[in-house]
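Comments concern the structure below.
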Amino acid sequence: MTQTAHGVEFSQQLSENPKSAGERAAVLANPGFGDYFTDHTAVVDYKVDADGTGGWQNARIEPYGPISLDPSAAVLHYGQEIFEGLKAYRHADGSVWTFRPEANAARLNKSARRLALPELPEEYFIGAIRELVQADQEWVPSGDGEALYLRPFMIATEAFLGVRAAREVSFRVIASPAGNYFGGELKPVSIWISREYARAGRGGTGAAKCGGNYAASLIAQQEAEANGCKQVLFLDHFNDDAVEELGGMNVFFVMKDGSLVTPALSGTILAGVTRMSVIQVAKDMGREVSERKITLDEWRDGVASGEITEVFACGTAAVITPIGVLKDATEFIGAEDAKAGETTMAIREKLLGIQTGVVEDTHGWLTRLV
């Protein structure tokens, strides 16, 4: 069976052994985050032919399962890989929508350029998401704060050990029903200050969404968890300990005058889709937003003086999460019994409302999938 989405034909080989309604219901009753996966995956191949011309081909939906790779595949040796993250939300009428997929498609291509991977036309990106969600639409949860998390990714599959850009690549999308990222009731989280490790360096891959950035962050994340913290904060140690981002989230500060401040994109910080959406939502609410350098000293002094009244983190997985305490072995900024701030929760409610269809989408951010 072949279907056309966004002008791209996707062949369909549906699973002969999909999860039963009972198995699916058991998963959706407590989905967690990234623990279970739907029955299918979307795939598009890329190959450079003999005359040096590359092209995307063989767009398809196939059963979810292991990927067969040659042991010399470039992704296994040189980490030539990128990925994205977005969600599909079920609205009250049963329809399913996703949020700003064009922004994710553009960021994927920005990452592809940095990792010397081929750019993927937007119609393939959105078509793959649409076809996968239509095939697995019964997996989209409808509980409060729940969604179907979508993970598009691109890997270098060419069997070759020379150090050069791969000439064979696979783009894929998998999907996982998701609950609250941090679990349970939404409350401020504790953040660990990474004094020893950096997330990215100037001229590196910090602005790309690639696996290597996250692999490099894991040792600091382990340190955070060992000290009772949910996330780790990375600083630019060569720039007055300027705040960069958390292990996988951007940071915002709410100031005493009601304005917001977030670290400026410097080439070492990922340009989050949720980040730019928060900026627009805050402006829609009449708040000024500054993108500038903000240091650990300013964070510390601002909390102590009351100049900074709230701090929150944002990202696709957790949407918006209030930050209560920032700490390391010698420092403690904030309060463990802090409550989620009014501004933080107002922005979160507005953004989630748009995503779930409760609040009017005045910016055209939503794309219907089912």
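The values are calculated or read from the model by the stated rules, or taken from the named source; none is laboratory data. Quantities reported herein were computed from a predicted structural model and do not represent experimental measurements. Cβ: placed from backbone, ideal geometry, glycine included. Neighbour counts: every protein chain shown. Note: areas computed on protein heavy atoms with side chains; ligands, DNA, RNA excluded. Shrake-Rupley method; radii C 1.70, N 1.55, O 1.52, S 1.80 Å.
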Looking at ILE191, is it under 29 Å from GLY65 (Cα atoms) and either open to solvent by less than 30 Å² (accessible area, probe 1.4 Å) or under 15 Å from the mean Cα position of the chain (by Cα) (or both)? no
Looking only at segment 54-91, how many residues end up being among the hydroxyl-bearing types (Ser, Thr, Tyr) and either open to solvent by less than 10 Å² (accessible area, probe 1.4 Å) or under 24 Å from the mean Cα position of the chain (by Cα) (or both)? 3
Single residue of segment 92-130 satisfying the filter (of a type in the set (Ser, Thr, Tyr) and over 22 Å from CYS314 (Cβ atoms)) that is surrounded by the most Cβ atoms within 10 Å (Cβ to Cβ): TYR124
Among all residue pairs at least 6 apart or on different chains, which show Cβ distances below 7 Å where the first residue, located in segment 221-239, is of a type in the set (Val, Ile, Thr) and the second is crowded, with 18+ Cβ neighbours inside 10 Å and part of a loop (DSSP other than H, G, I, E, B)? VAL232/SER194; VAL232/GLY247
Return the residues of segment 1-31 that are open to solvent by less than 50 Å² (accessible area, probe 1.4 Å), modelled with pLDDT of 95 or more and either over 30 Å from GLY145 (Cβ atoms) or among the hydrophobic types (A, V, I, L, M, F, W, C) (or both); say none if nothing qualifies. PHE10, SER11, GLN12, VAL27, LEU28
With the structure loaded, tell me whether SER290 is of a type in the set (S, T, N, Q), more than 19 Å from LEU233 (Cβ to Cβ) and without any contact (Cβ under 8 Å) to a residue 12 or more places away in the chain or whether it fails that test. no
Across (1) assigned to a loop (DSSP other than H, G, I, E, B); (2) open to solvent by 60 Å² or more (accessible area, probe 1.4 Å); (3) within 30 Å of VAL278 (Cα to Cα), THR38 clears everything bar (2)
